[in-house]
Amino acid sequence: MTPIIEVEGLWTQFGDHVVHKDLNLTVQAGEVVSLVGGSGSGKTTLMRQMLGLEQPARGSVRVFGIPLHDSDSGTLKKIRKRWGVLFQGGALYSALSVYDNIALPLRELRAFDDDFVHDMVMLKLDMVDIERSHAHKMPSDLSGGMVKRIALARALALEPELIFLDEPTAGLDPDRSESFVKLIQSLRHKLNLTVIIVTHDLDTLVSLSDKIAVLADQRVIVYGSLQEAITVKHPFVINFFLGERGLRALSAVGESIKLNQT
Amino acid sequence: MPQAPTAPVQHPEVHEIRGADGACTVELTGAWDIRALEARARNLQLRLSEAARAGVRWDLSRVQRMDHIGALLIWRAWARRRPTQLAFAPGIEVFFDKFDAPGVGAQAQSAADMLALVRMLGARMLRGLDHAAGMVQLLGQVLIDSMALLRRPARGPWREISANLYRVGAQAMGVTALVGMLIGIVLSYLSSEQLKAVGANALIVNILGIGIIRELGPVITAVLVAGRSGSSITAQLGVMRVTEELDALSVMGIPHTVRLILPKIIALAIALPLLILWTSGIALVGGSIAASHELGISMHSFLSSLPVAVPTINLWLGLGKGVVFGALIALTACHYGLRVQPNTESLGIGTTNSVVTSITVVIIADAIFAVMFADVGISLQ
Ligand SMILES: Nc1ncnc2c1ncn2[C@@H]1O[C@H](COP(=O)(O)OP(=O)(O)OP(=O)(O)O)[C@@H](O)[C@H]1O
Ligand SMILES: [Mg+2]
């Protein structure tokens, strides 16, 4: 079975600043992969590469087996209907109401009538736990956490097979983070969803991810299960997972992880 | 996802099967997900609603794929209620869970508004008044805030003023010169043709002198500056509103009237008269070139008879208009910039309104000037 995402020998460079150096990453269908790394280690940039928003200096990115950087626009358009993206800042269209933001991708298909779109939007709002009375608000009148959830609803509008989430739980209260985790879990079982998450939130990371890719030193230093990730002796890994907060999160989920194995 | 590993995925289809006992079964097969439905939704919707009669059995056990879109399509055909006789393929039922919660589909229809037109007209008028009041208020606020500066001139926004002067003044010299030159030439050429016919060649100096120095120079420069700098001021303040920079300034205790608005008003009030001087000068040069070509009046005699033909008061009037127009343009542009709502569409609307309003305001102010100074500086000597 072809992998959903294949990144091979990727170099990203801004001026003289090399962000990724010969980076490789493969994601199989149905996996939930978390990208972790220090601030500025290039997680968002890697995600933008996978979305075809950034041009690699070298290397290739394939999504659904299709190379992003030398395909014609018709092929790319088809790919773009099959994925959903939650940007770090939400990126809701500020001129459109919540309702229209979610309805936009559905209307763009021109396959469904207004009534159908309405029902679908309401369903998506229910899914992300937003009250329907907020549907006619403008994005500037929403709280930060609501923006996140509505952006998620928009990302889910076209029932994607692949979904990218950049810091999905940042700015959510613990309760909402929890229901967010549950939502993603239920969706992946229902829809066989492949999920790429960029996150600093250890609880989300531990409870959702099948695999963890740790970005440091311009590449993926480890890619594997949580168990494999925490056994790597790299200063970032040690600080991130085996610091006080990390240990607390690991023990909280009751993972039977042998820490002293290192 | 329930997906038979061997069978290839088929198109979604609706089959109506009549059993031996006369009972009707509707069987759905194939993939009922967005990828398959995208092209067929309308057709299937029709088929489903035809098939959906009371009392039929629904058999969804041969559905290969499902997602929320497909489920909603079927749900709507069921009139938002689960049919009593229903069979699901494994793993499909979950998509219908959310629908059973009350409320999906309850759509509030807003009644048609008969008085919409009247209401719109009224709203427009009130908005216009509101803008006028807002501008006066803004001007007042700027004056009050700048009173404090009079006591401490060293704290004034001098750097901002000079930066604005450069941007609205110096950088506009190219375009105003070009427009001024062309207007001068065209006006002079057209008037020459008429004057030649009545043999009043010498009057070209009066016509161009009064026309350009007193009216055309100020108004044309002001219109250009309103389009060029007014729009950029509105867009700048508007983006600052969208990105919450204005809020950041106010929480730091920096009044934006002093830092942002006052410098723009002062800069435009200084720059516009200077630009008018420049544009009128160039327009006169253009006019005299055309006059020498058409009427044989040399540039030297054109320029030397200018002070006689045009009383100096006209020049001061033109410059005075410049100061007023400049301040009005800046005030209008700032007002619209501050009124921008934090979304991109409002930014576009605000910028358009700002330019339209400031040009209108300039022309109204010009008319007022014309009435007020009707008997100053235009008597023929
Ligand atoms: N358009 C750009 N031009 C120049 N440098 C850039 C650009 N985009 C990103 N960078 C740089 O690339 C590096 C990685 O940025 P990126 O946004 O991917 O970090 P990140 O891992 O997502 O960090 P965070 O966790 O803080 O969101 C940073 O050093 C950043 O300054
Ligand atoms: Mg980032």
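The values are calculated or read from the model by the stated rules, or taken from the named source; none is laboratory data. Keep in mind that this is a model prediction, so the values were computed, not measured. Methodologically, a virtual Cβ is constructed for each residue, glycine included, from the backbone with ideal geometry; neighbour enumeration extends over all protein chains shown. Accessible surface is based on the protein model in full, side chains and every heavy atom, while ligands, DNA and RNA are left aside. Shrake-Rupley method; radii C 1.70, N 1.55, O 1.52, S 1.80 Å.
Taking only alpha carbon atoms, chain A gives an Rg to Rh ratio of 0.97, where Rh is the Kirkwood radius. Taking 16 Å as the straight-line reach from the Cα of A:LYS233, the aspartates and glutamates in range (excluding those fewer than 8 positions away in the same chain) are A:ASP217. Taking a quarter of the surface of the Cα convex hull of segment A:80-199 gives a mean projected area of 6.9 nm². 3J(HN,Hα) along segment A:69-80: 9, 9, 10, 6, 5, x, 5, 4, 4, 5, 4, 5 Hz, from the Karplus curve 6.51 cos²θ - 1.76 cosθ + 1.60 with θ = phi - 60°, whole Hz, x for Gly and Pro. Comparing Cα centroids, segment B:250-270 and segment B:51-68 end up 67 angstrom apart. Note the angle between two axes, namely the Cα long axis of helix B:41-51 and the longest principal axis of the Cα atoms of chain B, as a number of degrees from 0 to 90, rounded to the nearest 10. Once rounded, one gets 40 degrees. What the phi angles of segment B:272-281 give under the Karplus curve with 6.51, -1.76 and 1.60, with θ = phi - 60°, is a coupling list of 5, x, 5, 5, 5, 4, 5, 5, 4, x Hz, glycine and proline written as x. Near B:ARG62, the amide H atoms lying under 5 Å from its own belong to B:LEU28; only residues 5 or more places off or on other chains count, and H is placed 1.01 Å from N. The trypsin sites (Lys or Arg not before Pro) of segment B:38-77 meeting both criteria, a DSSP state outside H, G, I, E and B (loop) and at most 12 other C-beta atoms within 10 angstrom of the site's C-beta, are B:ARG53.
Gap in Å between the Cα centre of segment A:2-51 and the Cα centre of segment B:153-173? Cα centroid to Cα centroid, the span is 46 Å. Spatially, segment B:317-349 and segment A:165-221 are offset by 47 Å when compared through their Cα centroids.
Rounded to the nearest 100, the interface formed by chains A and B buries 2700 square angstrom of accessible surface, both chains summed, with a 1.4 Å probe. Pairing the Cα long axis of helix A:114-127 with the longest principal axis of chain A, what angle in degrees results, from 0 to 90 and rounded to the nearest 10? Helix A:114-127 sits roughly 40 degrees off the main axis of chain A.
Structure note, pairs A:LYS124/A:LYS211; A:LYS21/A:LYS43; A:LYS124/B:LYS98; A:LYS78/A:LYS182; A:LYS182/B:LYS98: Cα-Cα distances above 18 angstrom occur for A:LYS124/A:LYS211; A:LYS78/A:LYS182. Working note: 222 nm ellipticity from helices only, DSSP H runs with n ≥ 4, each -39,500 (n - 2.57), summed and divided by the residues of chain A, gives -11500 deg cm²/dmol to the nearest 500. Count neighbours as other Cβ atoms within 10 Å of each site's Cβ, and list the GluC sites (Glu not before Pro) in segment B:179-281 that are DSSP loop with at most 13 such neighbours. Qualifying residues, ordered by number: B:GLU244. Diagonalising the gyration tensor over the Cα atoms of segment B:13-100 and scaling each eigenvalue by 5 before taking the square root yields semi-axes of 19, 14, 13 Å, largest first.
An ellipsoid equivalent to chain B, defined through the eigenvalues of its Cα gyration tensor, has semi-axes of 73, 28, 19 Å when rounded to whole angstrom and sorted largest first. The shape of the protein assembly as shown can be summarised by an equivalent ellipsoid whose semi-axes, obtained from the alpha carbon gyration tensor, come to 66, 33, 24 Å from longest to shortest. Say R0 is 56 Å: what FRET efficiency, to the nearest 0.05, do B:GLN171 and A:GLN218 get from their beta-carbon distance? The value I calculate is 0.85. Take every DSSP beta bridge with both residues inside segment A:124-262 and express the antiparallel ones as a percent of the total, to the nearest 5. Close to 50 percent.
Hey, what's the Kirkwood Rh for segment B:166-316 if you take every pair of different alpha carbons, in angstrom? Result for segment B:166-316, one decimal place: 17.3 Å.
Got a number for carbon plus sulfur as a percent of chain B's accessible area, 1.4 Å probe? Looking at chain B in its full context, I get 65 percent from C and S. Compared with the direct C-alpha span, the chain from B:ASP375 to B:LEU126 gains 86.0 nm at full extension, assuming 0.36 nm per residue. Amide H contacts for A:VAL19 (H built 1.01 Å from N in the peptide plane; partners 5 or more residues away or on another chain; cut-off under 5 Å): A:THR12, A:GLN13, A:PHE14. Here the protein assembly as shown is treated with +1 on each Lys and Arg Cβ and -1 on each Asp and Glu Cβ, and its dipole about the Cα centre works out to around 580 debye.
Mean separation of Cα pairs under 8 Å and 6 or more residues apart, divided by the residue count, gives chain A a relative contact order of 24 percent. Each of B:ALA123, B:ILE265, A:SER186 was scored by the projection of its Cα onto the charge dipole of the protein assembly as shown, and the greatest displacement toward the positive side belongs to B:ILE265; charges sit on the C-beta of Lys, Arg, Asp and Glu. Enclosing the Cα atoms of segment B:251-375 in their convex hull gives a volume equal to 144 cubic angstrom per residue.
The figure for A:MET127 is an accessible area of roughly 20 square angstrom, using a 1.4 Å probe on the protein chains alone. In order along segment B:74-85, the Karplus-derived 3J(HN,Hα) couplings, from 6.51 cos²θ - 1.76 cosθ + 1.60 at θ = phi - 60°, round to 5, 4, 5, 5, 7, 6, 6, 9, 5, x, 5, 9 Hz, and Gly and Pro are given as x.
Once the 1.4 Å probe is applied to the protein heavy atoms, chain B comes out at 52 Å² accessible per residue.
Gain on full extension, evaluated as 0.36 nm per residue between A:ARG58 and A:HIS234 minus their Cα-Cα distance, stands at 60.7 nm.
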